[in-house]
Every structure is written in structure tokens, then in C-alpha cells.
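Report on one structure; see the data block that follows.
The values are calculated or read from the model by the stated rules, or taken from the named source; none is laboratory data. What you see is a predicted model, and the numbers here were worked out from it, not measured in a lab. Here the Cβ is made from the backbone with ideal geometry for all residues, glycine too, and neighbour counts use every protein chain on show. What goes into the accessible areas is simple: the full protein's heavy atoms, side chains included, and nothing from ligands, DNA or RNA. Shrake-Rupley method; radii C 1.70, N 1.55, O 1.52, S 1.80 Å.
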Protein chains: 2
Amino acid sequence: MKRPTIADIARRAGVSKGAVSYALNGQPGVSEATRQRILAIAQEIGFNPNSAARALSGSTANAVGLALCRPARILGIEPFFMELISGVEAELSARSYALTLQVVADPEAEIAVYKQWWGERRVDGVFVCDLRIDDSRVPVLEELQLPAVVIGGPEHTGELACIWADDAAALGETLEYLVALGHRRIARVGGLPELLHTEIRSRAFAEVGQRLGVEAVTVSSDYTGEEGARATRRLLSSAHRPTAILYDNDVMAIAGLSVAQEMGLAVPGDLSIVAWDDSALCQLTHPPLTALGRDIPAYGAHAARQLLAAIEGKKIGAYQHETAHLTPRGSTAPPR
Amino acid sequence: MKRPTIADIARRAGVSKGAVSYALNGQPGVSEATRQRILAIAQEIGFNPNSAARALSGSTANAVGLALCRPARILGIEPFFMELISGVEAELSARSYALTLQVVADPEAEIAVYKQWWGERRVDGVFVCDLRIDDSRVPVLEELQLPAVVIGGPEHTGELACIWADDAAALGETLEYLVALGHRRIARVGGLPELLHTEIRSRAFAEVGQRLGVEAVTVSSDYTGEEGARATRRLLSSAHRPTAILYDNDVMAIAGLSVAQEMGLAVPGDLSIVAWDDSALCQLTHPPLTALGRDIPAYGAHAARQLLAAIEGKKIGAYQHETAHLTPRGSTAPPR
DNA sequence: TGTGCCTACTCAACCGGTTCAGTCAACATC
DNA sequence: GATGTTGACTGAACCGGTTGAGTAGGCACA
């Protein structure tokens with residue numbers, strides 16, 4: 001089946017290719033009557049501009065890239081990325097930008113993908129997830145001058161735009177809530193320690209704990225259920241076990257809940273549990289989990305708007321998204 | 001920063017653009033010595049072919065599309081799609097194909113996306129998920145002659161290639177297992193009834209139940225935890241309540257487990273639970289869920305191989321993937 | 001009537017690859 | 001020595017848009 005081109009439209013309208021291009025793109029240079037005629041023909045024959053031809057002459061790919069650097073089993077189980085993608089997509093498709101996705105094994109591979117995308121002109125910009133401290137991807141993107149929005153920050157992003165949320169504040173609020181309930185020994189099962197937001201949370205957790213005069217220990221984990229369960233088992237086996245545990249994602253929190261039950265501890269009676277990331281999963285457990293949540297699709301949509309603005313050459317800085325808020329459910333209570 | 005083109009390479013190598021193209025693509029027409037020289041220069045200056053130029057002249061976009069038609073909150077919570085994407089990606093990136101993702105609201109919008117992609121030549125082929133009975137997308141793709149692989153089937157796929165698994169067999173096996181344990185009243189909380197695989201499972205469930213002479217009722221749901229919980233509550237409130245429930249996905253199974261516990265029923269003592277889709281979630285609950293699983297990334301990888309073959313013009317039919325197998329865990333036992 | 005200026009176009013180059021039709025030298029064959 | 005044949009390469013057209021330069025016709029104004 002032959003795809004219609006602007007030449008076909010031009011022939012039918014009795015004008016030149018250039019006139020058709022002006023008409024379709026809302027540029028001046030054609031009369032209103034001709035523009036309407038051309039638009040009608042385009043509509044009638046179901047014309048869509050060839051994206052490659054457009055990219056080649058217009059030098060814009062009309063696509064943005066997202067490279068995800070997590071193993072398949074974690075990607076699948078964590079609702080965060082899919083919700084983010086949904087939000088990003090909503091914004092992109094409204095402006096008929098495509099989203100190109102690539103799963104990579106490590107940050108080096110991710111850098112290679114950026115270089116390839118840049119060289120191939122496959123994307124006009126990229127999202128950068130899981131920011132690390134002194135992230136090696138940042139200088140590469142700066143040098144390539146590939147528009148980018150870091151999802152995270154606001155530090156260590158170099159000259160790149162970013163979108164971030166005040167995790168430290170959310171964490172402080174949560175800790176205050178637990179202390180107000182009467183908890184004095186509170187643990188946190190953190191995410192991958194090399195990630196910047198883990199570092200930010202760990203620092204805030206320690207500082208607020210000290211300020212409130214309570215024990216606040218963080219143990220590192222990797223977002224998987226297995227590791228979350230193992231960390232919980234270790235915490236709950238200590239002589240001086242915590243009365244509340246805060247988890248850096250919902251998957252680990254659910255694993256932790258399961259471990260507590262397996263060890264015969266009542267939740268929330270013997271142990272209070274708080275999850276970071278309030279996906280629908282948190283309401284499926286028994287008891288449902290108290291969780292720190294925010295609107296992830298909206299976060300993604302905002303990131304997409306930032307990136308599109310950056311691609312248009314606007315000077316973009318750091319944008320602060322809403323702080324996560326605590327939704328108390330059945331998994332938190334005063335300690336017995 | 002200027003991107004290198006084949007003209008740059010040609011100039012440095014002292015040959016024409018055509019020769020460079022032959023050399024880079026492993027075509028005959030250049031001597032081995034010249035080929036090596038050109039390859040070395042390309043390597044040195046970090047050349048990547050402009051994907052738009054390639055698409056424009058070669059008429060292949062080097063990208064495939066996946067349109068997902070589920071609301072954000074379900075997409076996020078169901079590990080299936082992300083695992084599928086991981087598998088697809090692994091195969092595609094090895095052949096340096098890109099994956100273009102789009103989230104759509106309904107099948108009509110999905111058809112519009114296919115038409116747009118086709119018109120824009122943005123993708124060389126697409127994956128079709130969530131096949132329905134007499135799916136309206138199938139004839140559209142056939143007419144566009146856009147290579148496609150249906151993930152599901154093997155019926156109602158028209159002339160399109162597909163990859164499928166024998167859900168009916170897996171379901172029969174599971175039902176036999178539950179009956180062998182001593183269950184006589186078994187319920188199933190099914191997925192969206194308009195989807196073909198739901199229909200296939202429902203039919204198999206009824207047939208095998210009849211063959212084994214046990215009560216086997218299916219109630220419809222929509223894959224969400226909320227609906228799964230509601231259906232479970234209804235089932236467990238009936239005078240003649242089932243002693244085992246089979247859920248069409250893991251999220252509903254987890255919700256069901258939670259409802260059972262909330263109603264004071266012991267799992268597996270009073271109620272056995274089996275989940276379809278064995279993601280890591282199933283091992284996080286207490287007790288862990290007996291589940292029907294298969295290797296989803298491998299499924300995705302195979303689908304990608306099929307699609308690439310179809311794009312190359314090979315005649316592809318239906319490919320049957322491994323049948324899901326049951327992993328018994330703590331949520332199933334003989335009824336009390 | 002000539003000049004200037006606008007509007008509404010046309011024309012052709014260009015983006016960066018691929019590919020087909022030639023060209024030309026070297027070698028083989030009779 | 002004339003005649004293929006082959007290998008290695010060049011040159012130009014082409015894919016389907018965008019865009020800047022050029023132009024024809026109409027109108028205003030002096």
C-alpha cells in the first residue's frame with residue numbers, strides 16, 4: 001500500500017510541494033483559501049508526514065529517549081517506572097512525540113546508548129533516572145549537548161535540568177509522626193546506597209532522628225523483596241529490635257510485613273511499618289500499609305514538559321515537585 | 001557539536017560516499033583493505049549513521065512499536081508488561097532496533113496510533129497485546145500490511161503472526177491438582193471478559209470442572225486489586241463458599257489473600273489460593289502464593305524475534321511458547 | 001508611468017544516507 | 001592484438017520533507 005506524500009497532495013491541489021509544506025505547518029506563505037484546500041486534501045487521503053524525512057531536513061527526531069538501568073525482575077515489580085512512563089507518555093503523545101525505550105545493564109551501557117542515540121539523531125532529548133553522586137552520565141550529556149531532564153536531584157545534576165521532590169522533608173515528617181506515636185527505636189531499610197536520593201534520605205533520617213533524640217538506624221538494601229525480607233529478618237532478630245521500620249519502596253515493605261508475620265509479630269501491635277511509594281500494592285496487604293506517596297504520573301508528565309521545553313531551547317532549571325505525603329493506614333500504631 | 005557523516009569519512013579516506021556506504025554495510029564493491037581503512041576511520045571519529053537518513057532511503061525505520069491499552073494504575077502494578085518489555089528489549093537492542101512505546105486509552109486510539117505510525121513510517125512493525133475476540137485491530141493491521149506479532153492467540157489473529165501459550169492446559173493441570181488435594185468447590189476470579197485469553201481460560205475451567213465432577217464457577221473481574229478483593233468478598237460471603245480460588249493475575253490473588261485474612265479465614269486451612277502470573281510479588285506474601293508462572297522475558301524475546309523475522313519478510317505463523325507451570329507454595333493445601 | 005512593496009506562490013538546494021548505472025584499469029582468453 | 005570479464009570504485013539519482021531565494025501579479029502612491 002502506497003503511503004501518500006506531500007507530492008501527492010501538491011499534485012491534487014495544483015500547487016508546489018513547498019506550498020503544501022507551508023500550509024500543513026501553519027507557516028505564512030499561502031492564502032487562507034489554499035491552506036484550507038490543502039488541509040482538506042491531506043485529511044481526505046489520510047496523510048501523515050514521513051517522520052524520517054522530517055527528521056532529516058528539520059533536524060528534529062520528534063522522539064525522546066528513556067534508558068532504564070535495572071534488572072528485569074526489579075523493573076517489573078516496581079510500579080514506579082511504569083507509572084512514570086504513563087505520565088511521560090500522556091504529555092508526549094499530546095505533542096506527537098514518540099518515546100523510545102531501552103533497557104540497559106549498567107551506567108556504562110547507558111552512556112553508550114546516549115552516544116548512539118545522539119549520533120544517530122534518534123532522539124531529541126533524554127530522561128535520566130536513578131541519579132548517582134557524581135554521576136558519570138551528567139558530563140557526557142553536557143558534552144554531547146543532548147537536552148536532558150534528570151529525574152532526581154537537585155544536586156549533582158551539573159548544568160542539566162531536573163525535577164525533584166523534597167524527600168528529606170517527607171522523611172522528617174514521617175519520623176516525627178512515628179515518634180509522636182511513641183516509637184523510640186526506628187529502623188529504615190534503604191534503597192541502593194549509590195543512588196543520590198538514597199543518600200539524601202539516609203542523611204535526613206539520621207539528622208532528624210538525632211534532633212528528636214531517638215534511635216534511627218539505616219540498613220542498606222536493593223529494592224528487591226528478597227533483600228528487604230533479609231534485612232527485616234536481621235533487624236527483628238536483634239535483641240534490641242526496632243518498633244517501627246520505614247522501607248524505601250513498597251516491595252520491600254510488603255516483604256517486611258510478611259517477615260514480621262512469619263516471625264509471629266503483630267503489625268502494627270509489635271511493629272509499625274511505613275512504605276515509601278504508595279502504589280496500589282500497599283492497599284492489598286493485610287493490614288494495609290501506611291505509605292508515603294505522591295502522584296507519579298504527574299511527576300512524569302512534568303518531567304516531559306521540562307524536556308520538551310529544553311528541546312525547544314528554553315533555559316530550564318530545577319523544578320520542585322510536590323513533597324510526598326503520608327497516608328496513614330493500618331500498619332502504624334503506638335508501640336505496645 | 002557537529003556529528004560526523006559518511007561524507008566526512010569519505011573525505012578522510014579519499015573515496016566516495018558510496019564506497020563508504022558499501023564498506024560500512026558489509027556490501028561487496030570495495031576491497032578488503034579499503035573496507036578496513038574506512039572502518040577504522042569510522043571507529044576513530046565515532047561515527048553513527050543518522051537513523052533518519054537511513055530510514056528515508058532504506059525505507060526501514062529500525063524501530064518497532066508497542067501500544068499499551070491499560071490505565072496507568074494497572075500498567076504500573078502488573079509486572080507482566082515490564083517483564084515483557086525487558087525481554088523484547090534484550091532481543092531488539094542486540095540487533096540495534098529501537099522500541100517505541102505508546103500508552104493509549106482504548107482500542108480505537110490504538111488503531112489510530114497504528115495508522116499514524118504506518119503513515120509516518122515510524123516503525124517497521126508492532127506488537128499487539130490483549131487480543132480480543134474478533135479484534136478490530138487485526139483487520140486494520142492486515143490492510144496496512146504492517147508486520148505484526150500478536151501476543152496471544154492462536155485464534156482470532158487473522159493472517160498475523162502470533163505467539164501463544166496453552167492456557168487451557170495449564171488451567172486443567174491446576175484444577176486437577178486442586179481436586180487431588182480434595183477440593184470440590186473451586187472458584188475462579190477471571191480477568192477482563194472481553195479478552196480472548198480470559199475466554200479461553202473460562203471455557204477450559206468450566207470444561208475441566210465438569211469432567212472432574214466438581215463445582216467450578218468463574219466470576220469476572222478487571223485485574224485490579226480493588227475488584228479482586230470485592231469478588232473475593234462476595235465469594236467468601238456466600239453460604240456455599242469455595243474452598244479454593246484461582247485468580248487470573250497475581251495482584252488480584254494478593255488482594256484475595258488479604259480479604260480472606262480480614263474475614264478470619266486461614267490460608268491455606270480454610271481457603272486455598274492460586275495466582276496466575278508468578279511474579280516476585282507471590283513470594284512476598286504470607287503465606288507465599290502457589291502460582292502458575294512462565295518465563296515472561298523469554299516470551300517477550302521470542303515475540304521480538306518473530307517480529308524481526310516478519311519484518312524481514314519471512315512467512316511467520318503461530319509459535320507456541322512453554323505452557324505455564326504450577327509452583328506450589330504455602331497458599332494451597334487440602335481443605336479442612 | 002515608474003517605483004516600491006506586499007502577497008502568494010514556485011523552484012531548487014539540502015538533510016545524509018542507499019543504490020544503480022557507469023567507468024576504468026588490470027588481467028585472462030583465444 | 002582484439003575481446004571479454006572482473007573488481008574497485010565514482011557519480012548521480014533518490015527517499016520526502018523543509019526552507020531560503022526568486023518571481024509574477026496586484027495594489028498604492030508620487
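If I ignore ligands, DNA and RNA and count only protein heavy atoms, how much of A:Phe80 is accessible to a 1.4 Å probe, in Å² to the nearest 10?
The accessible area comes out at roughly 40 Å².
Okay, helix-only estimate at 222 nm for chain A: each DSSP H run of n ≥ 4 adds -39500 (n - 2.57), divide by all residues, round to 500 deg cm²/dmol; what do you get?
Values: 13 runs with 156 residues, N = 336.
Roughly -14500 deg cm²/dmol at 222 nm, from the helical runs in chain A.
Using the alpha-carbon atoms, what tilt in degrees (0 to 90, nearest 10) does helix A:296-311 show relative to the longest principal axis of chain A?
Its long axis makes an angle of about 40 degrees.
Binning at 10 Å from 0, report for the range A:1-100 what percent of all alpha-carbon pair distances ends up in each bin.
Each 10 Å bin holds this share of Cα pairs: 13, 33, 25, 15, 11, 3.
Using unit Cβ charges (K, R positive; D, E negative) and no other charged atoms, how large, in debye to the nearest 20, is the dipole of the protein assembly as shown about its Cα centre?
Working: 64 positive and 78 negative charges, 264 e Å.
My answer is approximately 1260 debye.
Helix A:107-120 sits at what angle to the longest principal axis of chain A, using alpha carbons and giving 0 to 90 degrees rounded to 10?
So the helix axis and the longest Cα principal axis differ by about 10 degrees.
Compute the distance from the alpha-carbon center of the range B:32-97 to that of the range A:217-277, in whole Å.
40 Å
Quick one: ranking B:Glu44, B:Glu89 by accessible area, 1.4 Å probe, largest first, what do you get? List each step's numbers first, then the result.
Numbers: B:Glu44 125, B:Glu89 0 Å².
Listed by decreasing accessible area, they come as B:Glu44, B:Glu89.
May I ask you to list the lysines whose Cα is less than 30 Å away from that of A:Lys115, ignoring any residue fewer than eight positions away on the same chain?
Within reach: A:Lys314, A:Lys315, B:Lys2, B:Lys17.
Could you compute Rg(Cα) / (2.2 N^0.38 Å) for the range B:152-275, with N its residue count? Provide the component values of the computation, followed by the final result.
Values: Rg = 14.6 Å, N = 124, 2.2 N^0.38 = 13.7 Å.
So the range B:152-275 has a normalised radius of gyration of 1.06.
How far, in nm to one decimal, is A:Ala266 from itself in the other copies if the label point is set 7 angstrom along Cα toward Cβ? Shortest first, please.
Here the equivalent label points are 1.9 nm apart from this one.
Could you tell me which GluC sites (Glu not before Pro) in the range A:240-330 are loop residues by DSSP with no more than 16 other beta carbons within 10 angstrom of their beta carbon? Let's see the in-between values first.
On the way: sites: A:Glu262, A:Glu312, A:Glu322; in loops: A:Glu312, A:Glu322.
Taking the range A:240-330 and a limit of 16 other Cβ atoms within 10 Å, the loop GluC sites (Glu not before Pro) found are A:Glu312, A:Glu322.
If you put a point 7 Å past Cα along the Cβ direction, how far is that point for B:Gly46 from the same point in each other copy, in nm, smallest first?
For B:Gly46, the inter-copy label distances come out at 4.3 nm.
On the protein heavy atoms, probe 1.4 angstrom, tell me the percent of accessible surface of the range B:1-154 carried by carbon and sulfur.
Working: 3230 of 6300 Å².
Here carbon and sulfur together make up 51 percent of the probe-accessible area.
In the protein assembly as shown, what % of DSSP beta bridges are antiparallel (nearest 5)?
Details: 11 of 81 bridges.
Roughly 15 percent of the beta bridges in the protein assembly as shown run antiparallel, per DSSP.
How crowded by other chains is B:41-47, given as the mean number of beta carbons from other chains within 10 Å of each beta carbon?
Values: counts 0, 0, 0, 0, 0, 4, 1.
The shielding value for this peptide is 1.
Give me a single rounded figure for A:82-94: the average over its residues of other chain Cβ atoms within 10 Å of their Cβ. Don't jump to the answer; show the numbers that get you there.
Working: counts 14, 5, 2, 9, 9, 2, 2, 7, 3, 0, 3, 6, 0.
The mean count of partner-chain Cβ atoms within 10 Å per residue comes to 5.
Would you mind working out the accessible area per residue for the protein assembly as shown, using a 1.4 Å probe, and quoting it in Å²? Walk me through the numbers on the way to the answer.
Numbers: 26330 Å² over 672 residues.
It amounts to 39 Å² per residue over the protein assembly as shown.
Find which of B:Pro193, B:Thr327, B:Pro297 sits farthest along the positive direction of the dipole of the protein assembly as shown, computed with +1 on the beta-carbon of Lys and Arg, -1 on that of Asp and Glu, about the Cα centre.
Value computed over the given set: B:Pro297.
Taking square-rooted eigenvalues a ≥ b ≥ c of the alpha carbon gyration tensor, is chain B rounded, prolate or oblate, where a/c under 1.5 means rounded and, failing that, a/b exceeding b/c means prolate?
Working: a/c = 2.96, a/b = 2.56, b/c = 1.16.
It is prolate, given that a/c is not under 1.5 and a/b is the larger ratio.
What are the ³J(HN,Hα) values, in whole Hz, obtained from phi via the Karplus relation 6.51 cos²θ - 1.76 cosθ + 1.60 with θ = phi - 60°, for each residue of the range A:83-91 in sequence order, with x given for Gly and Pro?
The phi angles translate into 5, 4, 4, 4, x, 4, 4, 4, 6 Hz.
Using a Debye calculation, one point per C-alpha and no hydration shell, please list log10 I(q)/I(0) for the range B:187-336 at q = 0.15 Å⁻¹ in order.
For the requested q values the scattering log ratios are -0.78.
For B:Ala7, place a label point 7 Å from Cα along the Cα-to-Cβ direction in every copy; what are the distances to the other copies, in nm, shortest first?
Here the equivalent label points are 2.2 nm apart from this one.
Using each residue's phi in the range A:234-241, evaluate 6.51 cos²θ - 1.76 cosθ + 1.60 at θ = phi - 60° and report the 3J(HN,Hα) Karplus result to the nearest Hz, with x for Gly and Pro.
With coefficients 6.51, -1.76 and 1.60, one gets 5, 4, 7, 8, 5, 4, 9, 6 Hz.
Using a 1.4 Å probe on the protein heavy atoms only, what accessible surface does B:His286 show? Give it in Å² to the nearest 10.
Rounded to the nearest 10, the figure is 70 Å².
According to the square roots a ≥ b ≥ c of the eigenvalues of the Cα gyration tensor, what is the shape class of the range B:6-49, taking rounded for a/c under 1.5, prolate for a/b larger than b/c otherwise, and oblate for the remainder? Walk me through the numbers before you get to the answer.
On the way: a/c = 1.44, a/b = 1.36, b/c = 1.06.
In terms of gyration-tensor shape, rounded.
Please provide three numbers in whole Å: the alpha-carbon extents of the range B:89-238 along the principal axes, with the largest listed first.
57, 30, 28
From a point 7 Å beyond the Cα of A:Asp8 in the direction of its Cβ, which residues of the range B:138-176 have a backbone N at a distance under 18 Å?
Once the point is set 7 Å along Cα→Cβ of A:Asp8, B:140-147 turn out to lie under 18 Å by backbone N, inside the range B:138-176.
Total Å² of accessible surface buried at the B-A contact, 1.4 Å probe, nearest 100?
On the way: alone 15820 and 15810 Å², together 26330 Å².
Result for this pair: about 5300 Å² buried.
Name the residue farthest towards the positive end of the dipole of the protein assembly as shown from the options A:Gln306, A:Leu246, A:Phe81, assuming +1 on Cβ of Lys and Arg, -1 on Cβ of Asp and Glu, about the Cα centre.
A:Gln306
Would you work out which of B:Val217, B:Ala42, A:Gly182 lies farthest towards the positive end of the dipole of the protein assembly as shown? Charges go on Cβ: Lys and Arg +1, Asp and Glu -1.
So the residue furthest toward the plus end is B:Ala42.
Hey, how many Å between the Cα centroid of the range A:313-336 and the Cα centroid of the range B:138-207?
40 Å
In whole Hz, what ³J(HN,Hα) sequence does the range B:57-64 give by Karplus (6.51, -1.76, 1.60; θ = phi - 60°), x for Gly and Pro?
For the range B:57-64, the Karplus curve yields 8, x, 6, 9, 7, 6, 8, 10 Hz.
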